[in-house]
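One structure is given below, encoded as structure tokens.
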Amino acid sequence: MHAIVVGGGIGGLATARGLGQQGWDVTVLERQPDLRQIGAGISLWPNALRALHHLGLGDAVERAGGRIRGGGLRTWDGRWLSRVELGAPPVMVHRADLHEILLDGLPATIRSGHPVTDVHALDADLIVGADGIRSAVRAAYTPKTKIRDSGQVSWRAVVDAETPGGGETMGPRGWRFGYAPTGHGTVYWYVAAPGPLRTGTPAEQLAELRSELSSWHDPVGRLLDATPPELLLHHPLLELHPVAPMRFGERVALVGDAAHAMTPNLGQGACQALEDAVTLALLLPKGAPVPPALEVYDQQRRARTAAISRQSRQIGRLVGAKGRLSGALVRTLFRLTPDRLAAAGAQRVAAWSPEDVKRPADVNRDAGVRPADGRR
Ligand SMILES: Cc1cc2nc3c(=O)[nH]c(=O)nc-3n(C[C@H](O)[C@H](O)[C@H](O)COP(=O)(O)OP(=O)(O)OC[C@H]3O[C@@H](n4cnc5c(N)ncnc54)[C@H](O)[C@@H]3O)c2cc1C
């Protein structure tokens, strides 16, 4: 059985590994000539860590990253609005390290420098579109899902620094700053703010951030000062709406941002791509019929990822509230919400485990469908 995975990002490499471990002959087609990633930090919640452990990569990722302890939400003068503990703390890892771990010993053939343009010309028993928010695979099957601009932009970097714990800070006019240690003497920070993409040089943009956040609590200024302009990443915050179907016909599936790119307010985009990858591989042991597996895959993944994407968008609108009054109201709301309650939503998202994946036979049994030979 041969599978083609289009895209060698986090979702594509995890899918290739999962299918390879199930005995599939996998080819990854990646448009970039070089699979090495730049990027900044990526937070991996317990759900993603369980997916990585299932793939045999959890220990390596935990060694490569830093634990996010003592997280929560603060105001720019440093007062805590809420504290969120998830039981097992998430791991913050540099995206390049995660990529390297996913690539190490990958049981698949990788063809880099290979952009897929004609999806219908691909020939395999299974085709997986893992080609990101502007997916060519998705576009070949559905025009309904559109890219939506949240109206916010982000800046990110990983810098040499030390901080105790991490967290997010809400400031005036919808500006936010977050940070967490990536382990090994480095810290990831991000800024999210309303407005258009800036066109100035990275040094000019850093100067804007320093001026905008000059009165914010430590370590905000310290982390901005430790950032060389060439490390600064600047992107619009986009999402797909609605999330796409996750299978088309009898042999095409989508994983990750190709199906459900979401705003990063919950830090769940890559975590969901990892859940997709493990679910798809668990449903497709070697020799399993592909069409019923893909149907069950879509049933199990689409509703969950749509709900998480919606939650992420709502959080973005709340914490990114631009007005003086709306900002004050949101801060009061967070201050009055018990930490227990704030953590409950996050815990529901983080609770996923590979053991939750239902096979087609389980789904039929739950629905009361008799197998063809009449056995129960
Ligand atoms: C600012 C920001 C912060 C984020 N922080 C977090 C976080 O903390 N935690 C988290 O879980 N998620 C986070 N995310 C989301 C996360 O980055 C994405 O969800 C994740 O990278 C999706 O992985 P993917 O493999 O599905 O897609 P991508 O990473 O987009 O990979 C797609 C791959 O497909 C290739 N490709 C595209 N088109 C073709 C083609 N036609 N042919 C061949 N190859 C092709 C691309 O070159 C790329 O390598 C963040 C996102 C942003 C924007």
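Mind putting a number on the dipole of the chain about its Cα centre? Charges go on the C-beta only, +1 for Lys and Arg and -1 for Asp and Glu, and I need it in Debye to the nearest 20. Each step should come with its number before you reach the end.
Numbers: 44 positive and 37 negative charges, 293 e Å.
For this selection, approximately 1400 debye.
Only residues of the range 137-176 count here: report those whose backbone N is under 15 Å from the spot 7 Å along Cα→Cβ of R222, or say none.
So the set is 159-167.
What nm value, rounded to one decimal, do you get for the distance between T201 and R324 when each label is placed 7 Å out toward the C-beta?
3.6 nm
Quick one: grab the alpha carbon gyration tensor of the range 37-99, order the square roots of its eigenvalues as a ≥ b ≥ c, and give me rounded if a/c is under 1.5, else prolate or oblate depending on whether a/b is larger than b/c. Display every interim value, and only then the final one.
On the way: a/c = 3.30, a/b = 1.72, b/c = 1.91.
It is oblate, given that a/c is not under 1.5 and a/b is not larger than b/c.
Using a 1.4 Å probe on the protein heavy atoms, what percent of the accessible area of the range 2-367 belongs to carbon and sulfur?
The C+S portion of the solvent-accessible surface of the range 2-367 is 52 percent.
Rolling a 1.4 Å sphere over the protein heavy atoms, what is the accessible area per residue of the chain, to the nearest Å²? Display every interim value, and only then the final one.
Numbers: 16710 Å² over 376 residues.
About 44 Å² of surface per residue is accessible.
In sequence order, what are the phi-derived ³J(HN,Hα) couplings for the range 123-139 according to the Karplus relation 6.51 cos²θ - 1.76 cosθ + 1.60 with θ = phi - 60°, rounded to whole Hz, with x for glycine and proline?
10, 6, 6, 9, 10, 10, x, 10, 9, x, 4, 9, 3, 6, 5, 4, 4
Which whole-Hz couplings ³J(HN,Hα) result when phi for each residue of the range 271-280 is put into the Karplus expression 6.51 cos²θ - 1.76 cosθ + 1.60, θ = phi - 60°, listed in order with x for Gly and Pro?
Couplings: 4, 5, 4, 5, 4, 4, 4, 5, 4, 4 Hz.
Which of the listed residues, L106, W175, W24, is farthest toward the dipole's positive end in the range 2-367, when Lys, Arg count +1 and Asp, Glu count -1 at the beta-carbon?
About the Cα centre, the residue reaching furthest to the positive side is W175.
Report, by chain and number, residues whose modeled amide H sits under 5 Å from the one on A261, excluding near sequence neighbours (fewer than 5 apart, same chain).
L240
Please list, in order along the range 354-363, the HN-Hα scalar couplings obtained from phi with the Karplus expression 6.51 cos²θ - 1.76 cosθ + 1.60 (θ = phi - 60°), rounded to whole Hz, x for Gly and Pro.
x, 5, 7, 5, 9, 7, x, 5, 5, 5
Which of the lysines could be linked to K358 by a straight reach, that is with a Cα gap under 25 Å, when you skip same-chain ones fewer than 8 residues away?
Once the sequence-local lysines are set aside, what remains near K358 is K286.
Near the amide H of T182, under 5 Å away, which other amide H atoms are found, from residues 5 or more places off or on another chain, if H is placed in the peptide plane?
The list, which skips near neighbours in sequence, is V187, Y188.
Need one number: nm distance between label points at D366 and T109, each 7 Å from Cα along Cα→Cβ, rounded to one decimal.
Label-label distance for D366 and T109, simple model: 3.8 nm.
For the range 67-123, just say rounded, prolate or oblate: build the C-alpha gyration tensor, square-root its eigenvalues into a ≥ b ≥ c, call rounded for a/c under 1.5, and beyond that prolate if a/b exceeds b/c, oblate if not.
Details: a/c = 3.75, a/b = 2.53, b/c = 1.48.
Note, shape of the range 67-123 comes out prolate.
Using 0.36 nm times the number of residues separating I147 and E355, minus their current alpha carbon distance, what extension gain do you get?
Values: separation 208, 0.36 × 208 = 74.88 nm, distance 3.25 nm.
Contour length minus Cα-Cα distance gives 71.6 nm.
Calculate, in nm to one decimal, what E162 and A303 gain on full extension: separation in residues at 0.36 nm each, minus their alpha carbon distance. Working shown, then result.
Details: separation 141, 0.36 × 141 = 50.76 nm, distance 3.92 nm.
Here the answer is 46.8 nm.
Sort the range 2-367 into rounded, prolate or oblate with this rule: let a ≥ b ≥ c be the square roots of the eigenvalues of the Cα gyration tensor; rounded if a/c is under 1.5, and if a/c is not under 1.5, prolate when a/b is larger than b/c, oblate otherwise. Could you put the intermediate results ahead of the total?
On the way: a/c = 1.79, a/b = 1.61, b/c = 1.11.
Verdict is prolate for the range 2-367.
What is the ratio of the Cα radius of gyration of the range 1-114 to 2.2 N^0.38 Å, where N is its residue count, to two decimals? Spell out each step's value before the answer.
Values: Rg = 16.9 Å, N = 114, 2.2 N^0.38 = 13.3 Å.
Normalised Rg, Cα atoms only: 1.27.
Around I110, which amide H atoms from residues at least 5 apart in sequence, or from another chain, sit under 5 Å from its own amide H, with H modelled in the peptide plane?
Amide H neighbours of I110: V28.
The values are calculated or read from the model by the stated rules, or taken from the named source; none is laboratory data. Not measured: the values here are computed from a predicted model. Heads up, the Cβs are rebuilt from the backbone with ideal geometry, glycines too, and the neighbour counts pull from every protein chain shown. SASA here: full protein model, heavy atoms, side chains in, ligands and nucleic acids out. Shrake-Rupley method; radii C 1.70, N 1.55, O 1.52, S 1.80 Å.
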